[in-house]
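Here is the structure we will look at.
The values are calculated or read from the model by the stated rules, or taken from the named source; none is laboratory data. Just so it is clear, the structure is predicted and the values come from calculations on it, not from any experiment. Don't worry about glycine lacking a Cβ; one is built from the backbone with ideal geometry, like all the others, and counts go over all protein chains shown. Quick note on the areas: whole protein, heavy atoms, side chains included, nothing else; ligands and nucleic acids left out. Shrake-Rupley method; radii C 1.70, N 1.55, O 1.52, S 1.80 Å.
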Amino acid sequence: MAMGTSPQLYRRLRKASDISIVTTAFSSSKRMHMSKEYISCCEDKISSLPDEILIMILEKLDARTTLTTTILSKRWLDLPRRSHTCYDLSVHEILPPRYHRIKKKTMETKAGYEAEKKAQNLTDIYAFKDKYERYHAIRDRHERWMGKVHLLTSILQRYERRAMRCYVKRVNAFLLAPDSVQQRSIQKLRLQMFEASSFIDQWIMAAIGRWGVEDLELVIENSSWCYDFRLLDGCQNVRLKRLVLSGCYHHSATNSLVLQGLTTLTLCKTSSTMLHAYDILRNCVQLIDLRLEECSYDRGAFHINVPASKLKNLQLDNCNIGKIYLTLLPCLETFACRGQPAKIYYGVVPRLKHVSLDFMPTGDHGEDDSSGSNWTYPLSKFFKGLPPPLDYLVLQMRGRQMWIEPTIIPGQFNHLKKLFIANMPMNWDTFWILILLGAAPALESLHVHIDKSAEMANAGSLDVKVEHRQHHHLKELVVIGFEGVGWQTSFVKQIMGMSPRLMCVHLFDGRVVENKERGLWGLEIDPHQREWHECDRSEVLDDLRDGSSLPYLEIVLE
């Protein structure tokens, strides 16, 4: 029996030995296979492809992704690329999602500080027993909230510094490429960064002088930079026509040959811009479009008297100028102004057809003034001097405790065809609108937007007698924000009674938004479908048609 069991035991042992041998061989082969996989993963197989295939890959990528390949290796840098014409190089594209979450939390913390400040009314000196109690209360509140803000701000700054280091490498690889790189055509280039880099001078020189950029935007958010554009006067490949500078000062701009060939110039957040605006208009003889945004000016009146200027479009955005004199601009066609209400004097502007005024009482830093004081302005304040030959006028006058006095306008707008009054608070009366209509005998279209979200303020009213003239050319009346309340219906009926040739009255709910491309010159209507009850709808329409003798009038209520 023992002789019968030994072969089986031997066979088992032999199988076990075979298994150990096989296991050892498999583990060694597995290690060899893993090492080969590791080597193959670390190997750059894409760079080993022929140039023809790599070029085909680059042609399938967008401009931003193509730019990031320039930092992979020198071989990718020297490869010819598809001719992209527009590049937007923003440091915000490098930031991780966590940065935006922390930034949102920081803004919410600051908003909470302002809300608590307003709720507790710590600014009221009579809410405390003595000045020391008030001082400690304000200090404790400020330290508690600002401690949170400073902690979050330090984290944001660390992310911004890391992003800037990566951003500088990318832009250097793109703009400061070796001479062996194929010449690319760049029509539009936008550079946006947190702070000024020591490479900015080289970037501007390469973009304008080497790559022939026609449209350049340079945005520096948290700092400022001064550049002397005279350094580009010796370049032969200059095709710059549009320039946008934000946080960047232009040194000796009036003597630069490059800037003299510009047709569009936008200057933002620079204090020296307004002081040199007259020199810019005088020397930049080809300039057609000039925009000044958030440029401080503390010299009182702002005079523009340039007989040889070709300027057609002028925009002043939050510059907070007290008096504006458009003394002599022979080619000016459109003028837009937003910010603190200013006196506007019109001189020799024979081609001025479109004026847009967006006024709001503001503080020293351009924010909405919520001091609670009444801001009352006569309508004639905005139309001093000789009335220009306008055919389109846009008025936006809004803000806390603001009101327009219905005073007589000294001149007549004999050529005005369209009038757009936007963001008018619900508590305002309509006397001043009727006075403005009386000064525009040729008006054909009237748009009035009633802002329901505006804060109610007791502006008061004046006992003013308005001369009811017949408007024989008015054909269209549009009221945005119409709710069918009594004063709105009375206003529409009053316009209908003075307009014997009125063809269409369009009443609907909605809001007015600004066209980002056209800026202050373009407003767009965003309609909102209001759910009218059939009885209310019939009552409003019957009230509007009561006493009307216009046979071809169409009333649309939405």
Scanning region 67-118 residue by residue, the ones that are modelled with pLDDT of 90 or more and either over 26 Å from the mean Cα position of the chain (by Cα) or small (Gly, Ala, Ser) (or both) total 1
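Per-residue answers, yes or no, for (1) free of Cβ contacts under 8 Å to residues at least 12 places away in the same chain; (2) more than 28 Å from Tyr99 (Cβ to Cβ); (3) surrounded by fewer than 17 Cβ atoms within 10 Å (Cβ to Cβ):
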| position | (1), (2), (3) |
| --- | --- |
| Lys148 | no, no, yes |
| Tyr159 | no, no, no |
| Ala163 | no, no, no |
| Cys166 | no, no, yes |
| Leu175 | no, no, no |
| Lys188 | no, no, yes |
| Ser198 | yes, no, yes |
| Val219 | no, no, no |
Checked pairs for region 526-553, first under 21 Å from Val478 (Cβ atoms), second open to solvent by 70 Å² or more (accessible area, probe 1.4 Å) and basic (Lys, Arg), C-beta under 7 Å and 6 or more apart or across chains, list as Asp526/Arg511
Among (1) farther than 24 Å from Ser453 by Cα; (2) touching a His at 6+ places or on another chain (Cβ under 7 Å), where does Glu534 come up short?
(2)
Look at Leu502 and say whether it is in contact with a Lys or Arg (Cβ under 9 Å, 6 or more places away or on another chain) and not β-branched (Val, Ile, Thr).
yes
Is region 477-493 home to any residue that is open to solvent by 70 Å² or more (accessible area, probe 1.4 Å), outside any helix (DSSP H, G or I) and assigned by the TED database to the domain that holds Glu444?
no
Can you find even one residue in region 226-241 that is under 18 Å from His92 (Cα atoms), among the hydrophobic types (A, V, I, L, M, F, W, C) and at pLDDT 90 or above?
no
Tell me, which residue of region 412-427 that is open to solvent by 10 Å² or more (accessible area, probe 1.4 Å) and assigned to a loop (DSSP other than H, G, I, E, B) is modelled with the highest pLDDT?
Lys417
Which pairs have Cβ atoms under 7 Å, sit 6 or more apart or on different chains, and link a residue in region 484-509 that is in contact (Cβ under 8 Å) with a residue 24 or more places away in the chain to one that is part of a helix (DSSP H, G or I) and open to solvent by 50 Å² or more (accessible area, probe 1.4 Å)?
Gly484/Asp536; Thr489/Asp543
Out of (1) open to solvent by 60 Å² or more (accessible area, probe 1.4 Å); (2) farther than 24 Å from Tyr552 by Cβ; (3) at pLDDT below 85, the odd one out for Gln470 is which?
(2)
Could you grab me the full set of residues in region 314-338 that are outside any loop (DSSP other than H, G, I, E, B) and surrounded by 19 or more Cβ atoms within 10 Å (Cβ to Cβ)?
Leu314, Gln315, Leu316, Asp317, Ile324, Leu326, Thr334, Phe335, Ala336, Cys337, Arg338
